[in-house]
Structure formats: C-alpha cells, structure tokens
Amino acid sequence: MLRLFLGLFLVMTVGLVLALQTVERTFDALLDYQMQDYNREAVRGQAWSLTELLRNLDNPDREQQLQAIRPHYGLGLTLVQADQLALDEKEKAELSQGLLVIREKYTQYIASIDGGPQLLSIKLPAEPSLMPFYIAGAYLMIAVMIGVVLFFWVRPHWRDLEKLRLAAERFGDNDLSVRIQLSKRSNIRDLAGHFNLMAARIEGLIANQRELTNAVSHELRTPIARLSFELDQLKQQPDASQNRELIADMYADLGELEEMVSELLTYASLERGATVITRENIQAANWLDSVVGSVALEAEAAGVQLLIVDCRVDEVRIEPRFMARAVINLLRNAIRYAEQRVEVSLVRIGDQYEVQVNDDGPGVPLAGREKIFEPFSRLDASRDRRTGGFGLGLALVRRVSQSHGGRVEVGDSPWGGASFRMTWAHLD
C-alpha cells in the first residue's frame, strides 16, 4: 500500500504544483494589459496628487518636500532622472501621454512631473520577509490535505487489490477453489468477477481433464486386454480356421480403439474451444437422409426399424460435420437400446431447430437423465460391444448442441422408451 500511496501522492502533488504555476503564468500573460490598466487606475490618484505637489518646486525643494511627506504615504517615493531608468520607446510614449509606467510586476510606478527629465518613482511596500515561507507553508498544507484524502481513497482499493493478489497467489499454489468476494461498492468488483469466472473455468477444465485422463486410461484397458489375450491365443492355435476368427476379433477391437480415439479427439476439440464452428445453409431433407443412411446397416443388423417420420424444414443452418456426428450418436444410442423401432424428426419451431429421436427401449431413469451427458458416464454397467459404448457419444452430442447455442435433453417417448430432443438457435 505504501508504494501505491507514495506514487499517487507524488504524482498528484507535483501535478497540482505544476498546474497552479502554469495557470498563474498563463493568465498573467493573457491578462497583462487588463492588469496594467487596473493598477494604473488604482495608483493614478496618489500619483497625480504627488506630481501636482512637486510640479511648481525646484529640484532641491522637491527633495525636501518628498522627505517631509514620505512618512505619511507608506510608499517608496524617490526622484530619478530619465536617463537612469533606460526607458524603452513604449515607456517613453506612455510618459508623453501622461500615463504611469509600470515595472517590477506592478510594484513600481513612474510618473512624469512636469514633462522634464526628472521623474517620480513610486514603489509599493515590499512583501513581508516571511512571504516565501508562507507560500511554502501553503503548498505544504495543500500537500498534507491531498495526502489525507488520497489515503482514504487508496485504502479500500489497496485492500481489494490485496485480496485479489492473495487469491491469485493461492490459485497459483493449486488451490483452484479460491474465489474473491468484494462489496458492491468496490471499484474492482468487475475485475474480481472476471477472476472468479476465469478460476471457475480453469477449475472445470482441469477437473474435466483429470476425469478424461482417468476415464480414458480405464476405457483403453478393456480392448487392449482383449487384444493381448487374443494374441496369446493366436500363438497357441494351430488351426488356421480358428486363427481367422481370432483375427476378426482383433480387428473389431482395433476398430473399437479407433472409434474411441476419434470420439475423444472430437470431444476434446469442442471442450477446449479449439474448433471454430462455421455454420452453413444445408438442404435439410438430403442432409437428414444421409445421416440416417450412415447408420441404416447398424439398425438392420440389430433388427431395428429406423424411420424419418417428419422433416418440415427446407434448409437448416449448421456446421454439417459436427451436427451429423451428434445426430449419428443419438441414432446409434437409440439403436443400441431399442426393441423394434427408432424414429427421427427434424422441425423448426420459431427461431429454433429441433431434432428428436425416439426409441421403444427401456428408457432413461429420472435420476440418470443428466448424468448420461457427462463424459464416460453409463447407466448400463455392461462392457460388451452391443450395449457398452464408450460413454462419450452423448457427451459429444451435448457439446455440439452447446457450440450451436442450443441444448439437449432426454424424456419419455410415446412407446415408453427414451426421447432425445436436441435444439439450437437459427443464427444468420
């Protein structure tokens, strides 16, 4: 606080002194003629009385007369010769016109007595000898008052900044839960709010990163363990026909690993905001047909009827690659759990698009309807290829919908299964 206070104090004090001096000199220059006229008028009466008193006297008598009246005037009255004053042309012109010549910052006035070479010099009383100390004392008082006001102004700022510094220090020491609470009157309340948002975002990212790392390491164990087991079996199998079956299983495991890595990279890209979402106007019916066609064989193999029941949109504005991936994930999820049928629709309601996927499977319990959109989260504990999945598909759907300014939710379908609704806004 001391450093901040002294810095501001010196800047404000020096700035104030310079400002006062600048203003004084500027107005002295601008108002010089007005001040001369004013001071001439102020002294003109006394100068006229004195010159009238001395005009008809000879030089020695003039000096005696001045000595006699000098104690009563309180002014510095002296007789001087014009050639001793080094008068310039302007001053000579003023004397010839009967005007007073002003010198030494309005403290000396020179008057012509009778138009001759002898002039009367009138000096105002000198300022008190302690005047420089008075001026210095005045500036010192101003500096003290500035210091007092500045102290009470700086103190709450310093206190809040110190809180911010300590919070940043604790955050740097891995205390990611630290937040700053300031009063509503604090001038850095907005800065503290941005710090809290940043801290929450970083804490969430780090927590998500840890969760992803742990989940990925766990998920990779299963196909890797199967591959290892199948390799061992392959070495021990003398029959070529059985080898082909093991090799097919190994290829299936490799495909599972590849699909998992692809899902993970896509999710991570959307999660950290590294991917720029560029929307395009896409012909809706053709796009939806191609998406459904991508999973038609999977539905046929599972014995599930997959239908497009409604597409009341001519064009849809989306990022086609990511949105197609999200809808495919919804369809694969529905096919995985459906008994006989899955239906998909695409409609526009007001300024929003909506994709709805319904199935006739077991549905999603109320307690798990938020959990299923978290990465590597499953309600089904099985790990076989039909119902296990990776726990990333629905998390990716949520990220895609959020990147389009929308959301995804799950409810009950008309047949008692799950109904997934993904909505997003139409933006030009």
Describe numerically, in nm with one decimal, the distance between label points set 7 Å from Cα along Cα→Cβ at TRP48 and at LEU130.
3.9 nm
Highest-fluctuation residue, MET250, MET198, MET131 considered, GNM on the chain with Cα pairs under 10 Å
MET131
How many lysine pairs does the chain hold where the Cα atoms are under 29 Å apart and the two sit 8 or more places apart or on different chains?
6
If amide H atoms are modeled at 1.01 Å from N in the peptide plane, then the residues at a separation of 5 or more from ILE113, or on another chain, having amide H under 5 Å from its own are LEU120
Among 106-112, 281-287, how do they line up by average Cβ neighbours within 10 Å per residue, starting with the highest?
106-112, 281-287
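If you put +1 on each Lys and Arg Cβ and -1 on each Asp and Glu Cβ, how big is the dipole of the chain around its Cα centre, in Debye rounded to 20? Display every interim value, and only then the final one.
Details: 47 positive and 58 negative charges, 234 e Å.
I would put it at about 1120 debye.
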Counting helices only, and only those DSSP H runs with n ≥ 4, report the 222 nm mean residue ellipticity of the chain as the sum of -39,500 (n - 2.57) divided by its residues, in deg cm²/dmol to the nearest 500.
-20000 deg cm²/dmol
So which helices of the chain fit the span-like rule, where a helix is a whole DSSP H run, its Cα atoms reach 30 Å or more along the axis, and its mean Kyte-Doolittle is at least 0.5?
2-30, 131-172
Calculate the spin-label point distance for ILE69 paired with ALA248, positioning each point 7 Å from the Cα along the beta-carbon direction, and give it in nanometres.
13.7 nm
Semi-axes, largest first, in whole Å: what does sqrt of 5 times each Cα gyration tensor eigenvalue give for the chain?
101, 26, 18
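Test of understanding: what is the full-extension gain from ARG201 to GLN352, defined as 0.36 nm times their sequence separation minus their Cα-Cα distance?
Working it through step by step, the gained length comes to 51.6 nm.
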Compactness of the stretch 94-204 - radius of gyration and Dmax, Cα, Å
32.5, 98
Where labels lie 7 Å past Cα in the beta-carbon direction, separation of GLN181 and GLN237 in nm
6.5 nm
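So what's the stretch 138-189 giving for Rg/Rh, alpha carbon basis, Kirkwood Rh from the mean inverse pair distance? Before the final figure, lay out the partial values.
Working: Rg = 16.0 Å, Rh = 13.0 Å.
That ratio is 1.23, to two decimals.
So, counting K/R as plus one and D/E as minus one, what does the shell of residues with Cβ under 14 Å around VAL154 add up to? Numbers along the way, then the final one.
Details: positive: ARG3, ARG155, ARG159; negative: ASP160, GLU162.
The answer is +1.
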Can you order the peptides 302-314, 133-145 by their average number of other Cβ atoms within 10 Å per residue, highest first?
302-314, 133-145
GLY405's amide H: which non-local residues (gap 5+, or another chain) put their own amide H closer than 5 Å, with H modeled 1.01 Å from N in plane and none for Pro or chain starts?
none
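How much accessible area per residue does the chain have, in Å², with a 1.4 Å probe? Could the numbers behind the result be given before it?
On the way: 25710 Å² over 428 residues.
With the other protein chains kept in place, the chain gives 60 Å² per residue.
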Based only on Cα atoms, what Rg/Rh ratio does the stretch 1-130 have, Rh being taken as Kirkwood's radius?
1.20
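Below 8 Å between Cα atoms, with a sequence gap of 6+, how large is the relative contact order for the chain in percent?
Numbers: 485 pairs, mean separation 39.9, N = 428.
Taking the mean separation of contacting Cα pairs over the length of the chain, I get 9 percent.
The values are calculated or read from the model by the stated rules, or taken from the named source; none is laboratory data. Model, not experiment: these values are computed from the prediction. Reconstructed Cβ throughout: ideal geometry from the backbone, glycine too, with neighbour counts over all protein chains shown. What goes into the accessible areas is simple: the full protein's heavy atoms, side chains included, and nothing from ligands, DNA or RNA. Shrake-Rupley method; radii C 1.70, N 1.55, O 1.52, S 1.80 Å.
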